[in-house]
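Right, one structure below, let's go through it.
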Amino acid sequence: MTWYLIRRVGQAIAVIFGVLVLTFILIHAESGSTARAVLGLKATPARIALFNRVYGLDKPLYEQFVVYVDHLLHGNFGMSYEYSQPVSTLMAQRLPRDAVLLGMSTVLALIIGVPVGIYQALRHNLLVDDVLAGTWFTLYAAPDFMEALLLIALVCVQFHWLQPNFPGGITSVGGLLADWRALILPVVVLAINTVAGFSQYARSSAIQQLAADYIRVVRAKGLPERLVVSRHVLRNSLLPVVTILGLSLPDIVGGAIIAEAIFNFPGMGLLFWQAALEHDFPILLGTTLVVGVATVVGNLLADIAYGVLDPRIRYASA
Amino acid sequence: MRAPEASPAGPADPTPGAEQDLDAAHYLHGASEPAGGGALDGGELPTGRGERSGLTLRSFWHNKRAMSGVWIVMIMLIFCFIAPLIYRMNLTTVNLNLANDPPGGGHILGTDEYGTDVLARLMVGGQSSLELGFSVAIASTVIGAIYGAISGMIGGIVDAILMRIVDTILAVPTFILLLIVASMYSLNLITIIIILSLLSWPGVCRLVRAEVLSLRTREFVHAARSMGAKRRRLLFVHLMPNTFNVFIVTASFAVADAVYALSALSFLGLGPPPPFADWGTMLTNGVDNLFNGYWWQVYPPLFVLVVTVLAFRQIGDACNDLIGGQRGAAPRRRRRFGLLPMSTKYDSGDPLADDVSMA
């Protein structure tokens, strides 16, 4: 386990380094030079040279890379072109709101997905199971924005229950929670996007657990079915779901961009989307970096959690 | 793991001709060995057709899920490429007299805000979506399969470095990279195809590599090596054809993902500029009009988009199931409505699937 951990952390570090290189390459893959983008088309060659020297753009690429990494390590993600604010400040404002949104939707998805998945496993091969599996497949395979559009059509246009747009001017997490009615739709849409995966993982692992010998023993002891399910099947079926939590982060983030764009939720996704429309590269790359590192760390934690939660797992040292 | 498809087409095979098209592994391997060569590698491996749970043209043909997907795709192809030849409508000029007409009259599905026929736009929009889907699926599969096979075959430090590159691309959500690159360059169908292909090969690569890792110690590979086969021959004649099953699955998922990615991109307003039509663009325009009650501008594109994406996912899922769901999928079960849980998406994301073993 120790050796495996060392190796696994080493790989994670290598991948984070790779993400750094990737964003660095993306900066330089931008068509046209940064100086032209900032100074405009009428800038004289002398001014461009000055700009390049001031910002270190005339140095060889590997030196620029070292400077770039150095800046990142000091929390300097650059300045946004649009907002004229440091990217780190912009992200720090929005990350807590995203934590609320993604956290609530993930919890909702787990609360719905895991029991339904286990229920499906108990009704394995019956009509209910097939209908639910079909529903999940449709929700999972359909584009992320479909659910959002249908919900808007139903809840906002048809019945006028909720407002489709998040009210502007909300800055704090407290304000976000105070306006909980506006949170409903984004949270529900994001939960719908992830619930299918959770429930199907819970289902297939519960089916495996139900077929295991220890369940037969427990039943033979005469334990009521309710306890068999809640005490034994549920616990052991949660295991793969825990790891899926770590692995599904990229999907959740992708869904968050679309959902935030639709509902005008003031989070990282909306920031990213607007930056993409405005060619605001420092924001785009800063966000990419944060998401990439979060994904790597999430995967790492999922792997470790898997080993910690299930002592039967042994990692090959080869 | 699935039984290797090592035995050349023999008398046990009732329809050798039909098998050979889809089951290239079988065909190529059979052709590469002298008659009766099955003894070399057939040994203790199951060779009977009935024991193989593989993906063959015949099993595919008899799989209701896969075929339902194929039929839907066929209908979509006819709808997008042949129907416009019959249902001719003016798609180029703006006619505001006809704007936002409800369905009925001269326009079966009504008109949009520029007075263009919605049904005709659906057909033309679908062309670009489907062209994109198929191109991206082919390109990313070829890149990913070759990269993964080379990485798996060489192994060692090269493999480690190559796979860390793949991990890096997988670590950043594809959608984020897509948005970044889309905002950098002016897009048309060709550039989107290139971008999406370059972004979507790592998933294929992981699966093919895992397959090659398990194949390269098999008897038939040793046999080929002992007969003096060069690396390139091992790779293209012996290893890659046997991973065919894997990449037919990923290719059908890739079509679905690409169609969806383009629609999401257009939906977010980052797709190709206006003369280009696709379902996502129609949806974006339609959403603004949903509040005005112009439902016919939203539901038709939503419907065809969802049906198309579902059909390709359906095919991929069914193929995955036929292969035997070896990648930790749900246990096989009797199917009543042909619906099974999806199993592929998250598996390819497991960063160290091949390092973890149950003790």
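The values are calculated or read from the model by the stated rules, or taken from the named source; none is laboratory data. All values derive from a computational prediction rather than experimental measurement. All Cβ positions, even for glycine, are placed from backbone atoms using ideal geometry, and neighbour counts span all protein chains on display.
Please return the ranges of helices (runs of 4 or more DSSP H) entirely within the stretch A:1-68 where 2 or more residues are at pLDDT 80 or above and under 15 Å from A:PRO282 (Cα atoms).
Per the criteria, A:2-29.
Residue under question is A:GLY292, and the condition is that it be modelled with pLDDT of 80 or more, under 19 Å from A:LEU26 (Cα atoms), at the interface with chain B (Cβ under 8 Å from one of its Cβ atoms) and within 16 Å of the chain's Cα centre (by Cα); does it hold?
When the stated conditions are applied, A:GLY292 passes them.
Filtering the stretch A:242-258 down to residues that are at the interface with chain B (Cβ under 7 Å from one of its Cβ atoms) and over 8 Å from the mean Cα position of the chain (by Cα), which residue is surrounded by the most Cβ atoms within 10 Å (Cβ to Cβ)?
A:ILE257
Please go through the stretch A:180-238 and pick out each residue that is within 14 Å of chain B (Cβ to nearest Cβ), more than 30 Å from A:LEU154 (Cα to Cα) and of a type in the set (S, T, N, Q).
A:SER204, A:SER205, A:GLN208, A:GLN209, A:ASN236, A:SER237
Quick check: is even one residue across the stretch A:109-126 within 14 Å of another protein chain (Cβ to nearest Cβ), part of a helix (DSSP H, G or I), buried (at least 16 other Cβ atoms within 10 Å of the Cβ) and at pLDDT below 75?
no
Which count do you get for residues in the stretch A:106-161 that are closer than 30 Å to B:GLY293 by Cβ and small (Gly, Ala, Ser)?
So the answer is 4.
Could you list all residues from the stretch A:156-183 that are assigned to a helix (DSSP H, G or I) and modelled with pLDDT under 80?
Listed by number, the residues that qualify are A:CYS156, A:VAL157, A:GLN158, A:VAL173, A:GLY174, A:GLY175, A:LEU176, A:LEU177, A:ALA178, A:TRP180, A:ARG181, A:ALA182.
All but one of (1) at the interface with chain A (Cβ under 10 Å from one of its Cβ atoms); (2) modelled with pLDDT under 75 hold for B:LEU302, so report the exception by its number.
Going through the list (1) at the interface with chain A (Cβ under 10 Å from one of its Cβ atoms); (2) modelled with pLDDT under 75, B:LEU302 breaks only (2).
Can you give me the ranges of the helices (runs of 4 or more DSSP H) entirely in the stretch B:114-194 with at least 2 residues that are crowded, with 21+ Cβ neighbours inside 10 Å and more than 14 Å from every other protein chain (Cβ to nearest Cβ)?
The qualifying helices (runs of 4 or more DSSP H) are B:118-154.
For the condition without any contact (Cβ under 8 Å) to a residue 12 or more places away in the chain and not charged (D, E, K, R), what is the one hit in A:VAL107, A:VAL116, A:VAL87?
On inspection, the qualifying residue turns out to be A:VAL107.
Looking at (1) at pLDDT 85 or above; (2) at the interface with chain B (Cβ under 7 Å from one of its Cβ atoms), which one does A:GLY286 not meet, given that it meets all the others?
Here A:GLY286 clears every test but (2).
Go through the stretch B:217-258 and report how many residues are more than 25 Å from the chain's Cα centre (by Cα) and either of a type outside the set (Ser, Thr, Tyr) or within 30 Å of B:TRP279 (Cβ to Cβ) (or both).
Residues in the stretch B:217-258 being more than 25 Å from the chain's Cα centre (by Cα) and either of a type outside the set (Ser, Thr, Tyr) or within 30 Å of B:TRP279 (Cβ to Cβ) (or both): 16 in total.
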